[in-house]
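Working notes, structure below.
The values are calculated or read from the model by the stated rules, or taken from the named source; none is laboratory data. Keep in mind the model is a prediction, meaning the values are calculated, not measured. As a convention, Cβ positions derive from the backbone with ideal geometry for all residues, glycine included, and neighbour counts pool all protein chains shown. Just the protein is used for accessible areas: all its heavy atoms, side chains included, with ligands, DNA and RNA removed. Shrake-Rupley method; radii C 1.70, N 1.55, O 1.52, S 1.80 Å.
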Amino acid sequence: MPIQTTAKELPYLDWTEKELPQSKRTKHVHGLHPYLGKFIPQLPEIFLKMYFEEGSTILDPFVGSGTTLVAANSLKMHAIGIDISAFNCLLTDVKTKKYDLLQLKHELNDAIAKTEGLFTDQLSFFGHCSVPLKTDNEYMNTWYSDRAVKELLGYKFVIMQGNYKYKDVMKIILSRAARSARQAPHYELDWPKEPVKEPYYCYKHKKICYPTDEALKFLRRYTFDTFRRLKEYSKIRTDYKVMVKHGDSRTININRPIDGIFTSPPYCGLIDYHQQHEYAYNLLGLQDLSHKEIGAKEQGQSKKAIEDYKQGIIEVFSNCNRFLNQDGKLIIIVNDKFDIYQDIINKSNFEVVQIVNRQVNRRTGRRSTDFTEDIIICRKA
Ligand SMILES: C[S@@+](CC[C@H](N)C(=O)[O-])C[C@H]1O[C@@H](n2cnc3c(N)ncnc32)[C@H](O)[C@@H]1O
């Protein structure tokens, strides 16, 4: 049975593109790296402030790109994030870390300068060291030009060999450049099917486009952009604790009391969260736990897939419930297409307090159709 919405006192949430443009949805660290399937930062900013006090501990068991943790920290709350994808944990960690900005700037500039040196100072490069600029990785050799492979491997070599404190930031720059340097058609950057090796008609730009040949220009551009974004966030970042754990939220031991859970679960059969950052897994050698992803696209949307999905989310919420304080809240952002969340909530020993429905005009990526999502506020049953 659908639950009644009692959202009278809630703020306006149906922003149009004009009211909430892309620049605000991807402000500071929220635009550090593309990520398909995140919610807009304005949602945790509004709801965390509304339901929790400063000093609270907030958990996101599906932390994704870290939107909840970034918001919680800036609101003076402790934050814990868990994700099954090692790349998502790395990204969240880089977004929320505290940096010595002078040292960060120095290291990022040093790494890009040394990489450029590999390709301009031919003598020192070929004469003195053997930089591994070739790979037998099939993904790399399929999706990149020879030049881009060399430039990406060159930067990787520099960061791995260097004595840098902020290597993880460089890994995110490398991953973002690797995404842009793929020979993917511009109209298919999220899920490219095949590489393009020749000029092609681009449906996005409505003209003939050319496959990318290089990676260094992206490494340079993102070095600058990453520093700018981390610096901007540092102005509102607080010293409240942020913890990111890589693991399965069905079973992980959170090991401390929490005051609130704010999360958007994976959708059923829509996105493969590891696969969307395949280039990063191939370049960085991250641990692949894709077989433990709940609701992966690969599993489809059959009756059995929906049942498995339901069971998975129930296990996550039940596990989190064990650590939630008696008067704690669970806030879920979801498009309940299969009408299963009431049952999920009951079976994880929560009850609904309120549901707010909002029109989603745009998330952080372009969508062909508008759709709505629910913000479901629950307490312990
Ligand atoms: C909808 S996304 C969360 C996006 C996030 N709210 C943001 O703004 O970036 C769902 C996340 O759940 C993660 N996930 C899927 N199965 C999981 C599991 N068993 N344990 C922990 N995380 C899981 C996926 O890797 C994905 O990052």
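Remarks
- R0 of 56 Å, Cβ-Cβ distance Glu232-Ile208: FRET efficiency to nearest 0.05: 0.95
- The charge dipole of the chain, taken about the Cα centre with unit charges on the Cβ atoms of Lys, Arg (+1) and Asp, Glu (-1), comes to about 840 debye, rounded to the nearest 20.
- Note on segment 101-234: dipole from Cβ charges, positive end direction compared against Leu230, Pro132, Ile112; the farthest Cα belongs to Leu230.
- Loop-resident chymotrypsin sites (Phe, Trp or Tyr not before Pro) (DSSP state other than H, G, I, E or B) in segment 182-233 with no more than 15 further Cβ atoms inside 10 Å of their Cβ: Tyr203.
- Accessible area per residue for segment 101-234 is 54 Å², calculated with a 1.4 Å probe on protein heavy atoms, without ligands, DNA or RNA.
- Largest GNM mean-square fluctuation across Pro211, Pro41, Pro265, computed for the chain with C-alpha springs under 10 Å, falls on Pro211.
- Of Lys167/Lys329; Lys27/Lys114; Lys18/Lys38, pairs whose Cα-Cα distance is over 25 Å: Lys167/Lys329; Lys27/Lys114
- Dipole magnitude (debye, nearest 20) for segment 101-234, charges at Cβ of Lys, Arg, Asp, Glu: 440 debye
- Computed over the chain with a Gaussian network model linking Cα atoms closer than 10 Å, the most mobile of Cys89, Cys320, Cys209 is Cys209.
- When the Gaussian network model of the chain links Cα atoms closer than 10 Å, the mean-square fluctuations of His30, His277, His205 top out at His205.
- Amide hydrogen neighbours beyond the local backbone of Met243, cut-off 5 Å, H modeled: Ala79, Ile80, Gly81
- The angle separating the long axis of helix 167-181 from the principal Cα axis of greatest extent in the chain is about 80 degrees.
- Unit charges at the beta carbon, dipole of segment 248-362: most positive-side option, Gln299, Gln275, Val356: Val356
- Heavy-atom accessible area with a 1.4 Å probe sorts Arg182, Arg379, Arg322, largest first, into Arg322, Arg379, Arg182.
- Ligands, DNA and RNA left out, the accessible area of the chain computed with a 1.4 Å probe is 49% carbon and sulfur.
- Cα long-axis angle, helix 146-161 against the chain (0 to 90 degrees, to the nearest 10): 70 degrees
- A convex hull fitted to the Cα coordinates of segment 101-234 yields 125 cubic angstrom per residue.
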